[in-house]
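Chemist: The following block contains the structure, expressed as structure tokens.
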Amino acid sequence: MRLFYSAASPFVRKVMACTITRGIDGRIELIPTNPHASLPEFVANNPLSKVPCLVTDDGLALFDSPVICEFLDSIGDTLPLFPVVGGARWKALKQQAMGDGIMDAAVSRRMEAAKPAEPARDLFMARMKAAVDRTLTELEGEVPTRAVDIGSISVACALGYLDFRFAHEDWRGVCPKLAAWFEVFSANPGIARTVPPG
Ligand code: BEZ
């Protein structure tokens, strides 16, 4: 399998964390990709020009991260990261949505910060920050368990991205229970081995 990736992307981290957790990371060939360059081979596989994009051994190009991660669950013989039925499934999917939503908003805010300041940009960035802050507060009230599933992996990658790009903002001060969970959860190989480049 080939993975179009950028080391800074939290969504790529999430996919890599899933491959490591499932013990199949050795089957992935990494293709460094600048999604903003939209090179022909990349957009031929993902017309949205976004990483991550996984090309399966059958040549099927898959995106975005929830689709890729669910595909990875069909490979290997460890327990699925997507609980199959019941309350555990909906809890994990909701946590995935919250983690992905934090990543979406934080990445957008980071991209906007590179543009010249103007009122519309500042308003947009403030809206993105408010969305992240509200979701962190929600997670503080329903901290993930120690179970390694698609929900907890997504939340951990989101928190890791905040540490990576917004280290000056103290989310731990507002969310002590979430911070304590993250500290313990970060020892899992899928998270420990995918810390963003310094
Ligand atoms: C970043 O540099 O923060 C970044 C790069 C690629 C995708 C998402 C985020």
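The values are calculated or read from the model by the stated rules, or taken from the named source; none is laboratory data. Keep in mind the model is a prediction, meaning the values are calculated, not measured. When we count neighbours, we look across all protein chains shown, and the Cβ atoms used for this are built from the backbone with ideal geometry, even at glycine. For the accessible areas, the whole protein counts, side chains as well, though only heavy atoms, and no ligand, DNA or RNA atoms are used. Shrake-Rupley method; radii C 1.70, N 1.55, O 1.52, S 1.80 Å.
Chemist: Which length gain, in nm to one decimal place, applies between residue 89 and residue 70 when the Cα-Cα distance is subtracted from 0.36 nm times their residue separation?
Modeler: Stretched fully, the residue 89-residue 70 segment lengthens by 5.6 nm.
Chemist: Just subtract the alpha-carbon distance of residue 193 and residue 145 from 0.36 nm times their residue separation and send over the number in nm, one decimal. Before the final figure, lay out the partial values.
Modeler: Values: separation 48, 0.36 × 48 = 17.28 nm, distance 2.03 nm.
Extra length from residue 193 to residue 145 when fully extended: 15.3 nm.
Chemist: Multiplying the sequence separation of residue 137 and residue 34 by 0.36 nm and subtracting their Cα-Cα distance, what value in nm do you get? Please report the intermediate quantities before stating the final value.
Modeler: Values: separation 103, 0.36 × 103 = 37.08 nm, distance 3.29 nm.
Roughly 33.8 nm would be gained on extension.
Chemist: With a ≥ b ≥ c the root eigenvalues of the C-alpha gyration tensor of the chain, is it rounded (a/c under 1.5), prolate (a/b larger than b/c) or oblate?
Modeler: Oblate, since a/c reaches 1.5 and b/c is not below a/b.
Chemist: Sticking with this structure for a sec: Using a 1.4 angstrom probe on heavy atoms only, work out the carbon and sulfur share of the accessible area of region 2-72 in %.
Modeler: It is 57 percent, rounded to a whole number.
Chemist: Quickly estimate the mean residue ellipticity at 222 nm for the chain, helices only: each DSSP H run with n ≥ 4 gives -39500 (n - 2.57), and the total goes over all residues, rounded to 500.
Modeler: Working: 9 runs with 111 residues, N = 198.
About -17500 deg cm²/dmol.
Chemist: Let me ask another. If you place +1 on the Cβ of every Lys and Arg, -1 on the Cβ of every Asp and Glu, and leave all else neutral, what size is the dipole of the chain about its Cα centre, to the nearest 20 Debye?
Modeler: Magnitude of the dipole: close to 260 debye.
Chemist: While we're here: Enumerate the lysines that residue 14 could reach by cross-link, defined here as Cα to Cα under 23 Å, with residues fewer than 8 away along the same chain left out.
Modeler: Output for residue 14: 50, 91, 94, 129, 177.
Chemist: Something else about it: Amide H of residue 31 versus every other amide H placed in the peptide plane: which residues, excluding those fewer than 5 positions away on the same chain, fall under 5 Å?
Modeler: 3, 4, 5
Chemist: Provide the percentage of antiparallel DSSP beta bridges, counting only those with both residues in region 1-97; round to the nearest 5.
Modeler: Approximately 55 percent, going by the DSSP bridge assignments.
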